[in-house]
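Written out below as structure tokens is the structure these notes cover.
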Amino acid sequence: MYTDKNYTFGSVANGDVRGNHGDPIRKAAAEGTVLLKNVNNTLPLQSPKQIAVYGNGAGDSTNGMSVFYFNGVRNYEYGVLPAGGGSGTGLFSYVVSPLVAIKQRVDYKKTLVQYLLNNTATIEDDSAKYLDALVPSPPDVCLVFVKSWATEAEDRTTLLHDWHGAEVVEKVASRCANTVVVSHTGGINAMPWANHPNVTAILVAHLPGEEAGNSIVDVLWGDVNPSGHLPYTIAKEEADYAFASLVNSTTLANTEDPTAWQDNFKDGDLIDYRHFDFHNQSVLYEFGFGLSYTTFSLARNMTITPTFQDRLSAESPSAKTLPGGNPHLWDSLYRISTTVKNTGHTAGAAVPQLYLNLPKLPSTNSQILAEKVLRGLDKINLKPGESRTVTFDLTRRDISRWDVVKQKWVIPKGKVQAWVGFSSRDFRAGGSFTPIP
């Protein structure tokens, strides 16, 4: 909704259309946070009296609320990371930092909140003097905020967190027996410290927007039960991603070689989890992984029901091509159902996921193809003890492969294996069907 306020940016007056937009932003950011580790129910926090906050991602931005290059200022080292840079970002009207939100959450007259946000000071050789002065006695919890900047025209050179984030975590964990790490990032990060015995909880909040601090505090203190799941795989080591053929656009920007941008996709469709699964490679946290403050179960059996009427053809019926291809690619052909239950003592949202193993086409026999592919997911809010049916509708496109000879999507002959679980490596229910005998 529009208000009577206007903001002038350059020569253009902009209407204030915010309304209560902060509320759904805060809710979505909190619910979408991914809980990766939670040893002995470290989270949610239970009224800690001494809190230590570390990391350059915890406070306000020292150069204002803009997180992109603005007037030539590189202003993203100090301060929470609510969004990435580039043409898709914008100038925030406000940003709530984690440190401010933490101070607002606790009673500062009864709770000691100390902080050290300079990563260099945290990791230097004589940093003990800073850490001991910061918290003279062991704190109840140490909250470490690390981040990774991402934008156009500035390629990432490492999968580690920026500004010595890994070293900050290691240093804090070496002196704090209850270290909780919060990561703000636009993509994959290696976590060599994940199995440190003093790292008791890990949260990946990605890019949460203007309510960054409030949303993460909602999760840390349990006002919101996180239900985010990883949209990528976190490998054990940075070197485990060496299979990826990265194209460095910065290097190629001024090339005169007409083939320099060519990528022949020699890995087939083995992208992310498909690669790790195909090669049976162990990982730190698999694609689709995400913990909750409660527990869930899935019925081991599933129901697979055809939803088409006549005999199924391998190729789509003829139709006028529309945006997205032949409209019959989106016809529903099968329905898969099973039951999910909240087996814990806290309300929460389960995120069951459907994966398929499709047979090959004759034209793809020589190709490297993934053994399992994600074909559906849902979010089910459940009270303790509550059960609900989760249903996935499969379209023609979902059970088809691209025929390189016919240049169209075709359903291959043979059995399709289906699994439903809570990640790409946590299957609870299974079944199969044969669309084309």
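Summary table
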quantity: Cβ-Cβ under 7 Å pairs, at least 6 apart or on other chains, region 221-240 side aromatic (Phe, Trp, Tyr), far side surrounded by 15 or more Cβ atoms within 10 Å (Cβ to Cβ); calculated: 221/44; 221/45; 221/105; 232/188; 232/272; 232/287
quantity: Some residue of region 14-35 being part of a loop (DSSP other than H, G, I, E, B), modelled with pLDDT of 95 or more and of a type outside the set (Gly, Ala, Ser); calculated: yes
quantity: Filtered residues of region 289-309 (kept if open to solvent by 60 Å² or more (accessible area, probe 1.4 Å), in contact with a Ser or Thr (Cβ under 6 Å, 6 or more places away or on another chain) and under 30 Å from residue 331 (Cα atoms)); calculated: 303
quantity: Residue in region 262-284 that is of a type in the set (Lys, Arg), closer than 24 Å to residue 55 by Cβ and either in contact (Cβ under 8 Å) with a residue 40 or more places away in the chain or in a loop (DSSP other than H, G, I, E, B) (or both) present; calculated: no
quantity: Subset of region 152-186 [of a type in the set (S, T, N, Q) and in contact with a Ser or Thr (Cβ under 8 Å, 6 or more places away or on another chain)]; calculated: 178, 179, 183, 185
quantity: Strands (runs of 3 or more DSSP E) completely within region 368-417 that count 2 or more residues being within 17 Å of residue 357 (Cβ to Cβ); calculated: 373-377, 387-395, 401-403
quantity: Filter result (open to solvent by less than 60 Å² (accessible area, probe 1.4 Å) and not aliphatic (A, V, I, L, M)) within region 139-154; calculated: 139, 142, 145, 147, 148, 149, 151, 154
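To keep it simple, each residue is scored yes or no on (1) among the β-branched types (Val, Ile, Thr); (2) modelled with pLDDT under 95.
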| residue | (1), (2) |
| --- | --- |
| 150 | no, yes |
| 153 | no, yes |
| 166 | no, no |
| 169 | yes, no |
| 181 | yes, no |
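The values are calculated or read from the model by the stated rules, or taken from the named source; none is laboratory data. Everything numeric in this text was worked out from a predicted model, so none of it was measured. Positions of Cβ are backbone-derived with ideal geometry, glycine not excepted, and every protein chain shown enters the neighbour counts. The area values use the complete protein model at the heavy-atom level, side chains included, leaving out ligands, DNA and RNA. Shrake-Rupley method; radii C 1.70, N 1.55, O 1.52, S 1.80 Å.
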